[in-house]
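Trainee: Have a look at this one before I ask anything.
Computed from the coordinates by the stated procedures, all read-outs in this text should not be read as laboratory data. Predicted, not measured: the structure shown is a model, and the values here were computed from it. Note that we place each Cβ from the backbone using ideal geometry, even for glycine, and neighbour counts take in every protein chain shown.
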Amino acid sequence: MMKINKWTLGLAAVGLVTIPTVMQAEEKPLSALQTLVSSTTISGYVDTSADWTIGNSHGNATPAGYAFNTPSKQDGFNLNAVNVMLQKLPDEKENWAAGYTIDMVYGPNAVGYNTSVGSAGSDFALKQAYVELVAPVGNGLHAKMGTFDSIIGYEAYHSYKNPNYTRSYGYSIEPTELTGLLLQYAVVKEVVLSAGVADTANAGINNRSFLAPAGQPIKSESDKSYMGAITLTAPDSMGFLAGSQLYGGIVNGFNTSAFGTGDRSGQTWYYAGAFIKTPIKELTVGVAYDYTSINGSASGWTVNSTPPPPPAPAGAAGGPKAWLDAVSVYASYAATEKLKFHVRGEYAWMKDGMANYLNKVAGSGQSVGLADKIFAVTGTIEYDLWANVISRVEFRWDHAADGTSPYSGSARNSCLLAANVIYKF
């Protein structure tokens, strides 16, 4: 291989000498590699917090049961998650464009998120990994194949994308990631349709609905989960409402994380939400409704139970045996470019075995406090003083509205004061 010194390179740069053609040819493979790598972006964040459960002298073994609020996070400092994303978006100027996304998460918020990577207690999760293809069909048909985020929900896994630090009960019951094929098509700029098929309806790369624990009824080898959604965006002609969005979606399939003793026909999630701009430029509001139902005997719902639950009693099969509704209302006000205020109010109500099922899902195997009726209010102050840093203080109140005392110390109320600092890169 020919070599060339820095002095010759400098002369070539100002046109005083010419690099031999053979040398230029040898440099082409490296140039092609550099072009490929330069089109890939690297991004991510480090998410930290300090959580304090107020007014509890009995320990915090059963905190409020929303996602990621585990007992081990109470009354101390936390590293929540570290995210690294590699991504190459398809070039929209090309007729046949292609790209990819690799989305990796480390830390406590990754534990139990995707048990297909490592063990169930692993603190690493491959959150997304898919190939994205664009075909010149009409306005452009987008296809994602691999593991991708669920298509329903108001809030996101990545905390910095949400107005509040803590998650809602609606988020806590939604599917998180799916492995399959997702198609997206913009009929017009204001109307986007999504439809897809997946192996199962819950997180877990390469899950199969027919691979059930010993003693459980199995599904057909062809059994799959299905999803669909529509997004409507208000056009510029609608004045202050321009950019507002209305969203509806459904996911239906078999959840391999929850095994029942009765009919295992699966789980269904319905979602409807809206993000609304107001005549006050600094004020935006939102609303979200989640509903999920599970078929099977309520008493038999566990999470990957070993040994499996006993056989279902006669007549237990058929119909939704457990369900949960959750309604959330959001409001955000940007006082200045750096200072923002966020408020969320929510109400969740559930039936039969859903509390037991959600307890283990929300707590990643740890006990959390849940009632059949829950009311919660969350207030967040965000002040972004440093570049690339989201810093916020949040107060949250959860109340058991069914008269029970599910929280630590046999309390009907759980109050959390938290500080959240996230660096994005």
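Trainee: Just subtract the alpha-carbon distance of L211 and K373 from 0.36 nm times their residue separation and send over the number in nm, one decimal.
Mentor: In short, 54.9 nm is gained.
Trainee: At a Förster radius of 30 Å, what calculated FRET efficiency corresponds to the Cβ-Cβ distance of Q245 and I280, to the nearest 0.05?
Mentor: E(calc), rounded to 0.05, equals 0.95.
Trainee: Also, quick follow-up: What ³J(HN,Hα) values, in whole Hz, does the Karplus curve 6.51 cos²θ - 1.76 cosθ + 1.60 give for segment 393-401 when θ = phi - 60°, with x put for Gly and Pro?
Mentor: Those phi angles translate into 10, 9, 10, 9, 10, 10, 10, 7, 8 Hz.
Trainee: Can you give the extra length, in nm with one decimal, that the chain gains between N388 and Y226 once fully stretched, where that is 0.36 nm per residue apart less the Cα-Cα distance?
Mentor: Between N388 and Y226, full extension yields 54.5 nm more.
Trainee: A follow-up question, please. Residues with amide H under 5 Å of Q267's amide H, sequence separation 5 or more or different chain, H placed in the peptide plane at 1.01 Å from N; which?
Mentor: G253, F254, N255
Trainee: Return the sequence-ordered ³J(HN,Hα) values of segment 226-232 in whole Hz as given by the Karplus equation 6.51 cos²θ - 1.76 cosθ + 1.60 applied to θ = phi - 60°, using x for Gly and Pro.
Mentor: 10, 8, x, 7, 9, 10, 10
Trainee: Stretched out fully, how many nm does the piece from L133 to N252 gain, at 0.36 nm a residue minus the Cα gap?
Mentor: 40.4 nm
Trainee: Sequence neighbours fewer than 8 away in the same chain don't count; with that in mind, list the aspartates and glutamates whose C-alpha is under 19 Å from K219.
Mentor: D199, D263
Trainee: Which pairs in the list K144/K277; K73/K281; K88/K424; K277/K351; K161/K189 are over 28 Å apart, alpha-carbon to alpha-carbon?
Mentor: Beyond 28 Å: K144/K277; K73/K281; K277/K351.
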